[in-house]
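Everything on this sheet refers to the single structure shown next.
All of the numbers you see were taken from the coordinates with simple rules; none came from a lab. Quantities reported herein were computed from a predicted structural model and do not represent experimental measurements. All Cβ positions, glycine included, derive from the backbone under ideal geometry; neighbour counts span all protein chains shown.
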Amino acid sequence: MTNNAKIAEIFDSIQGEGPYIGYRQLFIRFCGCNLLCDYCDTEFNNGDLYSVETLLNEVKKYNLEAIHSVSLTGGEPLIQYEFLKEFLPELKKLGVKVYLETNGTLSKALADVIQYVDIISMDFKLDSCAKIGDLYNKHDVFLEQASKAGVETFAKLVFDETIKDFEINECIKLAQKYDIAVILQPKMDGNTIKVSHDKIMETFNCFSEKYHKTRLIGQVHKFFDIR
């Protein structure tokens with residue numbers, strides 16, 4: 001049976017976060033999420049239903065030769081994994097790279113689609129900032145699966161003034177275990193950074209002194225006032 005997906009928006013823009021910052025991407029924003037992070041600034045409840053065919057037709061309207069990749073974002077795209085199992089094989093036939101933005105908690109869903117994913121942008125969720133409890137075990141299983149599949153993976157980490165030493169250490173342990181880059185991202189409220197300069201540098205220094213694959217990159221698209 002053909003599945004439908006609820007999509008909030010489809011748009012052509014630049015990637016504003018992580019190591020692929022500044023690259024042009026086609027974004028498909030999926031509705032819904034299995035988490036409710038305190039800092040989430042995305043409205044993803046309202047959207048339209050798309051079949052595999054209608055979404056592919058929408059994607060084909062864009063200049064795919066000009067983009068670096070198609071970003072599956074949200075929300076959490078993997079909660080609609082049944083749709084993705086049908087959609088992604090057809091999307092790959094268009095010759096595009098698939099860039100998955102995920103909270104790194106749905107490892108079983110990832111297993112169903114990972115063969116079609118080229119890049120995984122995963123979030124380390126800190127309870128001090130996201131207020132959803134500790135998710136290190138789920139992140140561990142998720143990263144193990146990505147590592148075994150050989151998919152390029154990195155982790156973003158949103159933090160604020162309340163970040164704790166044990167959270168830093170747990171994230172570094174996981175990053176070292178799977179040899180992935182960690183992108184530190186100060187918490188923002190709209191276009192305003194909500195972390196002091198001193199705390200930003202203190203956090204960055206703490207990470208980088210223990211793990212060299214650490215980078216400090218803010219949400220650049222917000223400074224350009226684009227999506």
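List the chymotrypsin sites (Phe, Trp or Tyr not before Pro) in the range 64-93 that DSSP assigns to loop (not H, G, I, E or B) and whose Cβ has at most 12 other Cβ atoms within 10 Å. Which are they?
Loop-located and lightly packed - none at all.
How would ARG24, ARG215, ARG29 line up from fewest to most surrounding beta-carbon atoms within 10 angstrom?
Ranked by crowding around the Cβ, least crowded first: ARG24, ARG215, ARG29.
To test your reading of the geometry: what angle, between 0 and 90 degrees and rounded to tens, separates the Cα axis of helix 165-178 from the longest principal axis of the chain?
The angle comes out near 50 degrees.
Rounded to the nearest 500 deg cm²/dmol, what is the calculated helix-only ellipticity per residue at 222 nm for the chain, with -39500 (n - 2.57) per DSSP H run of length n ≥ 4?
Per the formula, -10000 deg cm²/dmol.
Mind checking which lysines have their Cα closer than 18 Å to the Cα of LYS131? Skip sequence neighbours fewer than 8 apart in that chain.
By straight Cα distance, LYS131 reaches LYS156, LYS164, LYS187, LYS194.
Which cross-chain or sequence-distant (5 or more) residues have an amide H under 5 Å from the amide H of THR214, H modelled 1.01 Å from N in plane?
Distant-sequence amide H within range of THR214: VAL182.
Answer with a single label: of [x] 17.1, 54; [y] 18.0, 58; [z] 17.1, 50, which was calculated as Rg and Dmax of the Cα atoms in Å from the structure in view?
Of the labelled values, this structure produces [x].
Just rank THR54, THR214, fewest to most, by other beta-carbon atoms within 10 angstrom.
So the ranking, lowest neighbour count to highest, is THR54, THR214.
Hey, what did the chain get for relative contact order, percent, Cα under 8 Å, at least 6 apart?
Computed value for the chain: 18 percent relative contact order.
Work through the residues other than LYS199 whose Cβ is under 11 Å from its Cβ and net out their charges, Lys, Arg +1 and Asp, Glu -1.
-2
What is the pair-distance distribution P(r) of the range 150-219, computed from all Cα-Cα distances in 5 Å bins starting at 0, with each bin given as a whole percent?
Pairs per bin, as whole percents: 3, 17, 30, 25, 14, 8, 3, 0.
Run the simple label-point estimate for GLU58 and ASN3 please: 7 Å along Cα→C-beta, distance reported in nm.
So the label points at GLU58 and ASN3 sit 1.6 nm apart.
Return ASP118, ASP160, ASP123, ASP179 ranked ascending by Cβ neighbour count within 10 Å, so the fewest neighbours appear first.
Lowest to highest Cβ neighbour count: ASP179, ASP118, ASP160, ASP123.
Among all the lysines, which ones have a C-alpha under 20 Å from LYS85's C-alpha, if same-chain residues fewer than 8 places away are not counted?
Within reach: LYS6, LYS60, LYS93, LYS97, LYS108, LYS148.
Taking a label point 7 Å from the Cα of SER196 along the Cα→Cβ vector, which residues of the range 154-174 have an amide N closer than 18 Å to it?
159-165
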